[in-house]
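The values are calculated or read from the model by the stated rules, or taken from the named source; none is laboratory data. Remember, predicted model here, so these are calculated numbers, not experimental data. Glycine also receives a Cβ, built like all others from the backbone with ideal geometry; neighbour counts cover every protein chain displayed. Ligands, DNA and RNA are stripped out before the accessible areas are found, and what is left, the full protein with its side chains, is counted by its heavy atoms. Shrake-Rupley method; radii C 1.70, N 1.55, O 1.52, S 1.80 Å.
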Amino acid sequence: MGVEIERKFLVNLAEWQLVEKPYGNSLRQGYMIKVPEKTVRIRIANQQSFITIKGKTQGATRAEFEYEIPRNEAEQLIAGFCEDVISKIRYDMEYAGKIWEVDVFFGDNAGLIVAEIELNSEDEDFELPPWVGQEVTSDARYYNSNLSVHPYNKW
């Protein structure tokens, strides 16, 4: 079984603006199923597309299965089966030997910037970059699937 161990943090905008960033990847993702027990997501990321199935989050861990699918099928799935879609730019940032995924959201989630780090275990040590702020791993409001239904700008 695939497993994702991920911690999530808000980004300090003032510090983030000072950072040199690599090229960001444009992501659009829609949700076919989004209940606490499971999520099924379709993601279009530049020229690649994926279907991802995630299980219930327990702590910072959950089951995750991801498969590449043809772009035209991803477009059809989003158009025909996903009511809620979010858009963002993702920056892969290296810091202290780890890759951080920083998502800058658009639309009704504009103004929200979240940094995620994937780990090998929940108790793995890592350094926080200076642009990382409050941890929100356990705050379900920041799950992408929830942001698609309850956007940041409407809180």
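Observations
- Filter pass, Glu4 being over 19 Å from Ala140 (Cβ atoms) and out of contact with any helix residue (DSSP H, G or I) (no Cβ under 9 Å at 6 or more places or on another chain): no
- If the condition is being of a type in the set (S, T, N, Q), surrounded by 13 or more Cβ atoms within 10 Å (Cβ to Cβ) and out of contact with any Ser or Thr (no Cβ under 8 Å at 6 or more places or on another chain), then the stretch 143-155 contributes Asn144, Asn146, Ser148.
- Answer residue from the stretch 88-142, given it is under 20 Å from Gln17 (Cα atoms) and of a type in the set (S, T, N, Q) and is most open to solvent (accessible area, probe 1.4 Å) among those: Gln134
- Considering (1) closer than 23 Å to Lys54 by Cα; (2) over 12 Å from the mean Cα position of the chain (by Cα), the lone condition that Glu116 does not fulfil carries the number (2).
- Within the stretch 16-33, the set of residues being open to solvent by 60 Å² or more (accessible area, probe 1.4 Å) and not in a strand (DSSP E or B) comprises Gln17, Leu18, Glu20, Lys21, Tyr23.
- Restricting the stretch 127-141 to residues that are hydrophobic (A, V, I, L, M, F, W, C) and over 14 Å from Ile113 (Cα atoms) leaves a set whose member that is modelled with the lowest pLDDT is Ala140.
- Residue count, the stretch 62-101 (criterion: over 24 Å from Ile113 (Cβ atoms) and part of a strand (DSSP E or B)): 5
- Answer residue from the stretch 37-87, given it is within 28 Å of Glu122 (Cα to Cα) and among the aromatic types (Phe, Trp, Tyr) and is most open to solvent (accessible area, probe 1.4 Å) among those: Tyr67
- Qualifying residue in the stretch 89-96 (condition: closer than 23 Å to Ala110 by Cβ and in contact with a helix residue (DSSP H, G or I) (Cβ under 9 Å, 6 or more places away or on another chain)): no
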